[in-house]
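Working notes for the structure below.
The values are calculated or read from the model by the stated rules, or taken from the named source; none is laboratory data. Keep in mind that this is a model prediction, so the values were computed, not measured. Note: ideal-geometry Cβ built from the backbone for every residue, glycine included; neighbour counts use all protein chains shown. Heads up: the accessible areas ignore ligands, DNA and RNA and are worked out on the full protein's heavy atoms, side chains in. Shrake-Rupley method; radii C 1.70, N 1.55, O 1.52, S 1.80 Å.
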Amino acid sequence: MLENTILVTGSAGFIGSNFVIDWIKAGLGKVVSLDKLTYAGNLDNLATVIDHPQHEFVRGDIADRALVNKLLLEHKPRAILNFAAESHVDRSIHGPEDFIQTNVVGTFHLLEEARAYWDSCKDMQDPAGNSFKFLHISTDEVYGTLEPQSPAFSEMTAYAPNSPYSASKAASDHLVRAYHHTYGLPVLTTNCSNNYGPHHFPEKLIPLCLLNALAGKPLPIYGDGQQIRDWLYVKDHCSAIRKVLEAGKTGETYNVGGWNEKTNLEVVKVLCQILNEMQPRADGLGYESQITYVQDRPGHDRHYAIDASKIERELGWKPSETFETGIRKTVQWYLEHQDWVQNVLNGDYRQWVAKHYDGN
Ligand code: NAD
Ligand code: DAU
């Protein structure tokens, strides 16, 4: 018999931690959290659930087959949710190797262990009658840049990844697809647009500009700032993943988006306006005065847009937040969580990991 337990990888990162917290708070069952605690993994993100009886944290690599095998046999989860990844496009441009190792090789090893586990539990179900599923969390960046006049990315759009990050995610998506087609592994894949919200690491546009604004530093806009992204509040992404896990059809992919297309410049200006209202600068100037145009990202995709009609039509999922409501909640969260901000900015969360896990 399978347990009402899920194995969540990448659980100490931005989206994984929001997902685990929401899952535990909703009383949906036990979570075994597996995270390597790279620079992006922060146990502060899991602080509210770390000692919860329904949560167990394990530090480890998705590429460590012996560890994954042990966790699967010990906990008999009804699902694996794979959030673990190297996630930052700029880092992938400067050093792609970790992206290949985790996103491609790591996902491959995880799939191999999932396949062996599934072979042993094919006919088993959890107490609610669910059989095993492997849910892979991916990105809209696999579709490449949208040409002018082209419709938004649908699940039928051909993959055309342009950065080492998106190429590594595309490779992992293809492996997931192949494990279904070849071995019958019950997989689901979600491809989501840009998330924002609590726990977002301040290397990404929104938290970087938010914290730079408050620190009186420049708000760096790549190129002309007219690149367009679709933005989704992280809790809405989490609700979409729960929906796909419970009601999605195995072998299918689901695009997830917020119907919130904005240029980067618009995003930063909205952020500045909210900060002007919530925490005005002492000198009376607006935060917009800190906007600084900098050199563009090499190979920068001009436009992403997600057609999320399949998940809405087939599974009845819709986002709860507009960009305006979500960004306000986000600013509020950062203003109210100065401890989290300081631990990230001064690296204390890394020192804790070094002491507790690396013996330094
Ligand atoms: P993140 O960088 O904040 O977190 C990634 C987490 O994975 C970290 O906790 C890190 O320690 C962990 N990790 C990295 N390598 C690992 C390994 N080898 N083994 C175990 N754990 C490892 O990323 P995020 O923004 O939370 O993204 C989560 C997932 O969602 C990724 O797969 C990403 O591609 C996808 N995604 C992100 C967005 C977004 O806007 N952030 C949008 C769509 C899809
Ligand atoms: O589209 C989904 C993707 O969104 C996810 O798959 C990635 O994991 C996630 O990091 C995010 O990728 P982006 O490259 O879109 O996110 P980022 O916040 O780095 O950049 C958003 C946009 O803002 C992008 O067009 C680049 C631009 N930018 C970014 C930074 C960090 C700037 O103009 N200035 C900056 O300083």
Original post:
Any idea what the dipole of the chain comes to, in debye rounded to 20, about its Cα centre with Lys/Arg Cβ at +1 and Asp/Glu Cβ at -1?
Top reply: 380 debye
Subject >> 1, 278, ranked by accessible area, largest first (probe 1.4 Å) >> reply: 1, 278
Subject >> 30 Å Cα-Cα threshold exceeded, pairs from 25/262; 122/169; 217/243; 70/318 >> reply: 25/262; 217/243; 70/318
Original post:
By average Cβ neighbour count within 10 Å, what is the ranking of 192-203, 126-137, 87-98 from highest down?
Top reply: 192-203, 126-137, 87-98
**OP:** Would you pull out the residues with amide H under 5 Å of residue 55's amide H, same chain only if 5 or more places away, H placed 1.01 Å from N?
**Re:** 31
Original post:
How far is helix 164-183 tilted off the main Cα axis of the chain, in degrees rounded to 10, range 0 to 90?
Top reply: 20 degrees
Subject >> Under 5 Å, built H, 5+ apart or other chain: amide partners of residue 194 >> reply: 230, 232
Original post:
With contacts defined as alpha carbon pairs under 8 Å and 6 or more residues apart, what's the relative contact order of the chain in percent?
Top reply: 17 percent
**OP:** Nearest 5 is fine: what % of DSSP beta bridges in the chain come out antiparallel, could you say?
**Re:** 10 percent
Original post:
Leaving out same-chain residues fewer than 8 places away, which lysines sit with a Cα under 17 Å from that of residue 355?
Top reply: 36
**OP:** Enumerate the calculated ³J(HN,Hα) couplings along segment 40-53 in order (Karplus 6.51 cos²θ - 1.76 cosθ + 1.60, θ = phi - 60°), each rounded to whole Hz, writing x wherever the residue is Gly or Pro.
**Re:** 8, x, 9, 5, 4, 5, 9, 3, 6, 10, 4, 9, 5, x
Original post:
Hey, what do the phi angles of segment 146-162 turn into as Karplus ³J(HN,Hα) couplings, whole Hz, using 6.51/-1.76/1.60 and θ = phi - 60°, x for Gly and Pro?
Top reply: 7, 6, x, 6, 7, x, 4, 4, 10, 5, 8, 5, 5, 6, 8, x, 10
Original post:
By how many degrees, 0 to 90 and rounded to 10, does the Cα axis of helix 264-278 deviate from the longest principal axis of the chain?
Top reply: 70 degrees
Subject >> Kirkwood Rh and Cα Rg combined as Rg/Rh, the chain >> reply: 0.96
Original post:
Projected onto the charge dipole of the chain (+1 at Lys/Arg Cβ, -1 at Asp/Glu Cβ, origin at the Cα centre), which of 75, 99, 341 gives the Cα projection farthest towards the positive end?
Top reply: 75
Original post:
Once the Cα gyration tensor of segment 151-269 is found, what semi-axes does its equivalent ellipsoid get, as square roots of 5 times the eigenvalues, in whole Å, sorted largest first?
Top reply: 31, 16, 13
Original post:
By per-residue mean of other Cβ atoms within 10 Å, what is the highest-first order of 255-262, 16-23, 160-167?
Top reply: 16-23, 255-262, 160-167
Original post:
Using modelled backbone amide H atoms (1.01 Å from N, in-plane), which distant-in-sequence or interchain residues come within less than 5 Å of residue 221's amide H?
Top reply: 292, 293, 294
Original post:
With all protein chains present, how much of the accessible area of the chain (probe radius 1.4 Å) comes from carbon and sulfur, to the nearest whole percent?
Top reply: 51 percent
Original post:
Rounded to the nearest 500 deg cm²/dmol, what is the calculated helix-only ellipticity per residue at 222 nm for the chain, with -39500 (n - 2.57) per DSSP H run of length n ≥ 4?
Top reply: -12000 deg cm²/dmol
Original post:
When the Karplus curve 6.51 cos²θ - 1.76 cosθ + 1.60 is applied with θ = phi - 60°, which whole-Hz ³J(HN,Hα) does each residue of segment 110-115 get, with x for Gly and Pro?
Top reply: 5, 5, 4, 5, 5, 5
Subject >> Largest-first principal axis extents of the Cα set of segment 40-149 (Å) >> reply: 49, 34, 30
